[in-house]
Amino acid sequence: MSDAALLPLLQGRVALITGASRARGIGLATARLFALHGARVALLDLDEDEAQAAARSIGPAHLGIGCDVRDAGACASAVARALQWAGRIDVLVNNAAITQKRGVLEVSAEDFEQVVSIALRGTLQMSQCVIPTMVAQRSGSIICISSMSAQQGGGVFGGSHYCAAKAGVLGFMRAIAKELGPQGVRANAVTPGLIMTDFSRGANSDDNKQALGKTFPLARVGQPEDIAGACLYLASDLSSFMTGATLDVNGGAYMR
């Protein structure tokens, strides 16, 4: 391995990641990788105790905060705590989401609101709270986690309302990329394919996921660390001339 590969890519930076406490999840895997590359990370999730435990699991330099991204006030409070703790925010990863396996005729108004309020409205509200700090810094990277389901119209466990929410995330990301680019703030997205996480637990067994992964061009199912690597690239200066872009991380399951 070259010396360049060992250089910390996020030294001195502060990242905020939503949906970050699941042991087998994209958020925590991303937090671990960011920390490995020198970042201080604020991990947000619904349960403060779980968020704090996740933060402790990656080291004493990190912070866990309870936050319901559906609540604009909770988002503002979480960002204020992160700023009081670290003084700046360089990276936001909008990762919080839920899914429900529903046919279109089975999606109730309550189902739709629950999914969209976390994945899409939560992305809007958390971004709104972080953007003023990034604009004042004249720098920042906002990373939105969407889904291959948004691109191909469903998937292994994504209902129509989940697809709509995640497609909305892509549109939102492109809009803020255009608006905020002149002020030094970048926005990009990652669209995971089938990833071996607890997020899809109950929709399909691990064995079934592994079997499906063997049908992909890369012949395997993805791991949370695969998505974390894409987030690291977008958070770092390696992607400094990228904004409004979408990175497809799906093993070749969907190509465009």
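The values are calculated or read from the model by the stated rules, or taken from the named source; none is laboratory data. Since this is a predicted model, take the numbers as computed values, not measurements. Cβ sites come from the backbone with ideal geometry, for glycine too, and all protein chains shown count toward neighbours.
Within the stretch 44-67, which residues are assigned to a strand (DSSP E or B) and of a type in the set (D, E, K, R)?
Asp45
What residue, among those in the stretch 190-199 that are touching a Gly at 6+ places or on another chain (Cβ under 9 Å) and not in a helix (DSSP H, G or I), is modelled with the highest pLDDT? Let's see the steps before the verdict.
The initial filter retains those residues of the stretch 190-199 that are touching a Gly at 6+ places or on another chain (Cβ under 9 Å), namely 192-199.
Those left that are additionally not in a helix (DSSP H, G or I): 192-197.
On the way: Pro192: 95, Gly193: 92, Leu194: 89, Ile195: 91, Met196: 90, Thr197: 86.
If we take residues in the stretch 190-199 being touching a Gly at 6+ places or on another chain (Cβ under 9 Å) and not in a helix (DSSP H, G or I), then Pro192 is modelled with the highest pLDDT.
Can you say whether Ile98 is at pLDDT 95 or above, under 23 Å from Ile26 (Cβ atoms) and under 20 Å from the mean Cα position of the chain (by Cα), as far as the supplied structure shows?
So Ile98 fails the test.
Only one residue in Ala86, Ala51, Ala109, Ala55 is in contact with a helix residue (DSSP H, G or I) (Cβ under 9 Å, 6 or more places away or on another chain) and of a type in the set (Gly, Ala, Ser). Which one?
Just one listed residue meets the conditions, Ala55.
Output the residues belonging to the stretch 212-250 that are small (Gly, Ala, Ser) and either modelled with pLDDT under 95 or part of a strand (DSSP E or B) (or both). Give the derivation first.
First, the residues of the stretch 212-250 that are small (Gly, Ala, Ser): 213, 219, 222, 228-230, 235-236, 239-240, 244-245.
Of everything in the stretch 212-250, those that are small (Gly, Ala, Ser) and either modelled with pLDDT under 95 or part of a strand (DSSP E or B) (or both) turn out to be Gly213, Ala219, Gly222.
Can you go through Ala175, Ala187, Ala203 and tell me which one is modelled with pLDDT of 95 or more and not in a strand (DSSP E or B)?
Result: Ala175 is the single residue among Ala175, Ala187, Ala203 that is modelled with pLDDT of 95 or more and not in a strand (DSSP E or B).
Which residues, taken from the stretch 100-130, are of a type in the set (Val, Ile, Thr) and crowded, with 21+ Cβ neighbours inside 10 Å? Break it down into steps so the answer makes sense when it comes.
Of all residues in the stretch 100-130, those of a type in the set (Val, Ile, Thr) come to 104, 107, 115-116, 118, 123, 130.
Across the stretch 100-130, the qualifying residues are Val115, Ile118, Thr123, Val130.
Residues in the stretch 68-100 that are among the hydrophobic types (A, V, I, L, M, F, W, C), within 16 Å of Ile145 (Cβ to Cβ) and part of a loop (DSSP other than H, G, I, E, B): how many?
Number satisfying all stated conditions: 4.
For the stretch 13-42, enumerate the residues that are within 16 Å of the chain's Cα centre (by Cα), in a strand (DSSP E or B) and either over 21 Å from Thr99 (Cβ atoms) or of a type in the set (Phe, Trp, Tyr) (or both).
The answer is Val14, Ala15, Leu16, Val41, Ala42.
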